[in-house]
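In what follows, a single structure is set out as structure tokens and then discussed.
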Amino acid sequence: MVEIFGELDPPPRLLMGPGPVGVDPRVLRAMSMPMLGQFDPAFTAYMNETMALLRQIFRTQNKWALLVDGTARAGIEALLVSLIAPGDKVLVPVFGRFGHLLAEIASRCGGEVVTIERDWGSVFTAEEIERAIKTHKPRVLALVHGDTSTTMAQPLDHIGDVCRAHDVIFYSDATATLGGMPVDVDRWKVDAVSAGLQKCLSGPPGSAPITFNERVVEIAKHRKHVEAGIRAPGAVEGNGPRIQSNYFDIAMLMDYWGESRLNHHTEATSMLYAAREAVRIALAEGLEERFARHRLASRALTAGLLGMELQLFGDQMHKMPNVTGVVIPQGVDGDGVRRMMLDDFGIEIGTSFGPMHGKIWRIGTMGYVCRKESVLVCLGALEACLRRFGYKRAAGAGVDAALAIYNEKKA
Ligand SMILES: Cc1ncc(COP(=O)(O)O)c(C=O)c1O
């Protein structure tokens, strides 16, 4: 029997979780542009433009800034599988769920993984990381920049120097931070960085911007093996251990995105359009202006939550500006509140994982959603839902406190 469903008609939602968030309509429009062949000069020009835009958002002079087709973890896997040869020692400082993910991916790459851990809600000092590097002498340090599971941002500014001093390759996951707060790849001396589109860049999930420098290129070249069916006669192969994934092999990705345009996968045309537009919009706004917009929303949202006598989660000195953890008040059904927010107000806020499950909500103010209207509507709705679930405080206090922050700016 043929089963035919109705036309897609998703309910309108205000996505205020830790991502994905509402996609900028200009990005959706870019995605509806016609297909081009992958070697059409018009399309390869878009690939080159995308690389130029990515270099600017990553604040890098690296030659290599490109897209991996897949969600943010595709970018993580591409860099880690290309960097880590079986037996390489990898140090992963874990301060939330995504540190565990890096450790898991590094170990699937055959890395000999060592972790150090911090309580969720805190971050490491540069000294703690340096001490662990001296003790464990890793080949690679894999460190999350902003961990959405805890809302914390790990400062990276001194870590690159420590890594260079000990000849360690430094990889960081900037999925949650790129486009919402500074990711200073060159100044911080991060050798390889990956991200995603669906958070502060307000694109759909499915494309992972990455960048890497010449230290990483050297490693990849040493491990380079091109598929037999496309290998040019006389091509130079590396003599190191072959990169264990074909799809995520950055040596082959360099041949595809670089001057030789050697065929690899079929670039995801509509996702490239989306990434190009999302990054173009972010740069056109101005990165400093964009970061300031995220900081302001964070101040207004946190003032509103405190105005409602709610408790914020984690070390507030290191909280990301684009996502805020809120402690679920004693006796309140956290999932019930989230369900009511969605069903009655069309607003999605985030639950949490692992040790935080049932303890905090996570409210995102990222990219296109990072606006005064979203903050105010979310606070008003949250207050109404909380009242239904027995948590009653001064009516309107949350919205008033947030408005005061926005009005302060005007004064
Ligand atoms: C810090 C961080 N890294 C990696 C990921 C994984 O991203 P994806 O689900 O796009 O693969 C996420 C997603 O929330 C994230 O927040």
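The values are calculated or read from the model by the stated rules, or taken from the named source; none is laboratory data. Quick caveat, the model's predicted, so the values are computed rather than measured. Neighbour counts run over all protein chains shown; Cβ positions are idealised from the backbone, glycine included. Protein only, heavy atoms only, side chains kept; ligands, DNA and RNA dropped before computing areas. Shrake-Rupley method; radii C 1.70, N 1.55, O 1.52, S 1.80 Å.
Stretching the chain fully between GLU117 and ASP40 yields a gain of 22.9 nm (0.36 nm per residue, less the alpha carbon separation). Close amide H contacts of MET152 (hydrogens built in the peptide plane, cut-off under 5 Å, sequence separation of 5 or more or a different chain): ASP147, MET320.
If both residues of a DSSP beta bridge must be in the chain, then about 50% of such bridges are antiparallel. Percent of C-alpha pairs per 10 Å bin in region 136-230, short distances first: 15, 42, 30, 12, 1.
In the chain, Rg over Rh equals 1.00, where Rg is the alpha-carbon radius of gyration and Rh the Kirkwood radius from pairwise Cα distances.
Helical runs (DSSP H, four residues minimum) scored at -39500 (n - 2.57) apiece and divided by the length of the chain put the mean residue ellipticity at 222 nm at -12500 deg cm²/dmol. Only Lys, Arg, Asp and Glu carry charge here, each on its Cβ (+1 for the first two, -1 for the last two); on that basis the chain has a dipole of about 580 debye about its Cα centre.
Label separation (HIS222 vs GLU104): 3.0 nm, computed from points 7 Å beyond Cα along the C-beta direction. Surface composition of the chain: carbon and sulfur make up 54 percent of the accessible area, probe 1.4 Å. Once the 1.4 Å probe is applied to the protein heavy atoms, the chain comes out at 42 Å² accessible per residue. Residue ranges 62-68, 156-162, 144-150, 201-207 sort as 144-150, 201-207, 62-68, 156-162 when ordered by packing (mean number of other C-beta atoms within 10 Å per residue, highest first). For the chain, a Gaussian network of Cα nodes joined below 10 Å ranks ASP191, ASP88, ASP343 by mean-square fluctuation, and the top entry is ASP343.
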